[in-house]
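In what follows, a single structure is set out as structure tokens and then discussed.
The values are calculated or read from the model by the stated rules, or taken from the named source; none is laboratory data. Since we're looking at a predicted model, the values are computed, not measured. Please note: Cβ atoms are built from the backbone with ideal geometry, for glycine as well, and neighbour counts cover all protein chains shown.
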């Protein structure tokens, strides 16, 4: 049965990075979502024109009635432009969800390997936050590729988690800084040497990023059946 569109209200909004805005939405659904899932958001203009886009949920499933989205401004994005420049606290929007099988639950255990490129880290944040609350003993590693330190979503939180959570490690790859590099064979080898063979691997980012990262993981011996991917255009 198709999910129905429902109204949500913007409860809070704040800049996350120079190109990403964090939105907290008060939602009316009663069913819980799974960490890693997304929602569809639909905007309707006064003349009836509609635009919609999917956004991953960044918050953990333990906050009933409230979800966080991280909206990256795209130069030609109708929906992201609205959220970046127009949307304000108290505004009502339409959404439907939660949607998707790209999800992790504490009962699945680990080791858990999360690989994110740019805003592809958002559903992985939901997984990390849920793990910290419900199963902090599960070994987890986040390999996160971003252009610059300023572009790292939830940077302070991730650095703090890496310093204070014994079973979690953060590995950043900054691609547009002096001495920076992309995720490559050597970095994947470093990840696996630290984490061991992951029971579950989740990869999220642009189409080229996900394809390249998944190939590197398979080449390094990670079983394809244990790798889940989520892609967006670009």
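Taking the condition of being under 21 Å from the mean Cα position of the chain (by Cα) and loosely packed, with under 14 Cβ neighbours inside 10 Å, how many residues in the stretch 26-53 meet it?
Total satisfying the criteria: 2.
Got a number for residues in the stretch 38-91 being assigned to a helix (DSSP H, G or I) and touching a residue at least 40 places away in the same chain (Cβ under 8 Å)?
Number of matching residues: 2.
Take residue 77 and tell me if it is at negative phi, assigned by TED's automatic domain parsing to the domain that holds residue 165 and in contact with a helix residue (DSSP H, G or I) (Cβ under 9 Å, 6 or more places away or on another chain).
In short, no.
How many of the residues in the stretch 92-126 are at positive phi, touching a helix residue (DSSP H, G or I) at 6+ places or on another chain (Cβ under 9 Å) and not in a helix (DSSP H, G or I)?
Residues flagged as at positive phi, touching a helix residue (DSSP H, G or I) at 6+ places or on another chain (Cβ under 9 Å) and not in a helix (DSSP H, G or I) within the stretch 92-126 amount to 1.
Which residues, counting only those in the stretch 85-125, are over 28 Å from residue 18 (Cβ atoms) and crowded, with 24+ Cβ neighbours inside 10 Å?
Of everything in the stretch 85-125, those that are over 28 Å from residue 18 (Cβ atoms) and crowded, with 24+ Cβ neighbours inside 10 Å turn out to be 104, 112, 113.
Quick one: count up the residues across the stretch 162-203 that are closer than 25 Å to residue 137 by Cβ and in contact with a helix residue (DSSP H, G or I) (Cβ under 7 Å, 6 or more places away or on another chain).
12
Residue 24: touching a helix residue (DSSP H, G or I) at 6+ places or on another chain (Cβ under 8 Å) and assigned to a strand (DSSP E or B), yes or no?
No; evaluated as a whole, the condition is false for this residue.
Pairs, please: C-beta under 7 Å, at least 6 apart or cross-chain, first residue closer than 19 Å to residue 61 by Cα and in the stretch 1-28, second modelled with pLDDT of 95 or more and not in a strand (DSSP E or B)?
Pairs found: 9/90; 10/89; 10/90; 11/89; 12/89.
Could you name every one of the strands (runs of 3 or more DSSP E) located completely within the stretch 127-234 that has at least 1 residues being loosely packed, with under 13 Cβ neighbours inside 10 Å, in contact (Cβ under 8 Å) with a residue 40 or more places away in the chain and touching a strand residue (DSSP E or B) at 6+ places or on another chain (Cβ under 7 Å)?
Once the strands (runs of 3 or more DSSP E) in the stretch 127-234 are filtered for at least 1 residues that are loosely packed, with under 13 Cβ neighbours inside 10 Å, in contact (Cβ under 8 Å) with a residue 40 or more places away in the chain and touching a strand residue (DSSP E or B) at 6+ places or on another chain (Cβ under 7 Å), nothing remains.
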